[in-house]
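The values are calculated or read from the model by the stated rules, or taken from the named source; none is laboratory data. Just so you know, these numbers come straight off a predicted model, no measurement behind them. Because the Cβ atoms are built from the backbone with ideal geometry, glycine has one as well, and the counts that use them run over all protein chains shown. Keep in mind that these areas ignore ligands, DNA and RNA; they rest on the heavy atoms of the full protein, side chains included. Shrake-Rupley method; radii C 1.70, N 1.55, O 1.52, S 1.80 Å.
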Amino acid sequence: PPPVDLAVERRNGEFVRSLIAARRVAAVHDLSEGGLAVGLAEMAIAGGVGASMDALPAGKSHAVLFGEDQARYVVTCRPGDTVAILSQAAAAGVPAERLGATGGDALRLPDEEPILLETLRDAYETALPSYMSGATPEAFN
């Protein structure tokens, strides 16, 4: 993809920062390292709460799950605030859409098997130390 215009990156970042300052979001993760799937996994691990994506963002392929684009964020909010935040984003010229909901004990991505938080946490905490200690790739299955 083409590089993000710095004005777009600033506008999106300022919008998200305004949501944080107004305490309208419970959690935020930028998607510049690992993309949407990794951001959701890291948020689920950190918060101890699962998440379910309803579908891929409109018109997007699975590449959106791992695309490391600048100026993209995932936020969580109270369900009753979703419509107002989406309206505010549109008024600010910030593309936004509802992707799903938080809850449960697994990360659920579209067209994929659920991954239990316990499995995510174990992989996150043990994969690199195991690899560095000389474990074989089979140990990661």
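Okay, here's what the table says:
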| read-out | value |
| --- | --- |
| Residue match in region 14-28 (condition: under 9 Å from the mean Cα position of the chain (by Cα) and surrounded by 14 or more Cβ atoms within 10 Å (Cβ to Cβ)) | yes |
| Residue within region 33-45 that is in a loop (DSSP other than H, G, I, E, B), open to solvent by 70 Å² or more (accessible area, probe 1.4 Å) and touching a Gly at 6+ places or on another chain (Cβ under 7 Å) present | no |
| Every pair of residues 6+ apart whose Cβ atoms lie under 7 Å, when the first sits in region 61-78 and is in contact (Cβ under 8 Å) with a residue 12 or more places away in the chain and on the phi > 0 side of the Ramachandran plot while the second is assigned to a loop (DSSP other than H, G, I, E, B) and of a type outside the set (F, W, Y) | A71/V4 |
| Residue satisfying all of: in region 69-122; of a type in the set (G, A, S), closer than 15 Å to V28 by Cα and touching a helix residue (DSSP H, G or I) at 6+ places or on another chain (Cβ under 6 Å); most open to solvent (accessible area, probe 1.4 Å) among these | A96 |
| Neighbours by Cβ (under 8 Å, 6+ apart or cross-chain): first from region 119-141, outside any loop (DSSP other than H, G, I, E, B); second modelled with pLDDT under 80 and loosely packed, with under 12 Cβ neighbours inside 10 Å | A123/F140; A127/F140; S130/F140; Y131/F140 |
| Single residue of region 87-112 satisfying the filter (under 20 Å from E9 (Cβ atoms) and of a type in the set (A, V, I, L, M)) that is nearest to the chain's Cα centre (by Cα) | A96 |
| Checklist (1) within 30 Å of A123 (Cβ to Cβ); (2) part of a helix (DSSP H, G or I); (3) touching a Pro at 6+ places or on another chain (Cβ under 9 Å) applied to A89, failing item | (1) |
| Per-region count, region 57-67, residues modelled with pLDDT under 85, open to solvent by 40 Å² or more (accessible area, probe 1.4 Å) and not in a helix (DSSP H, G or I) | 4 |
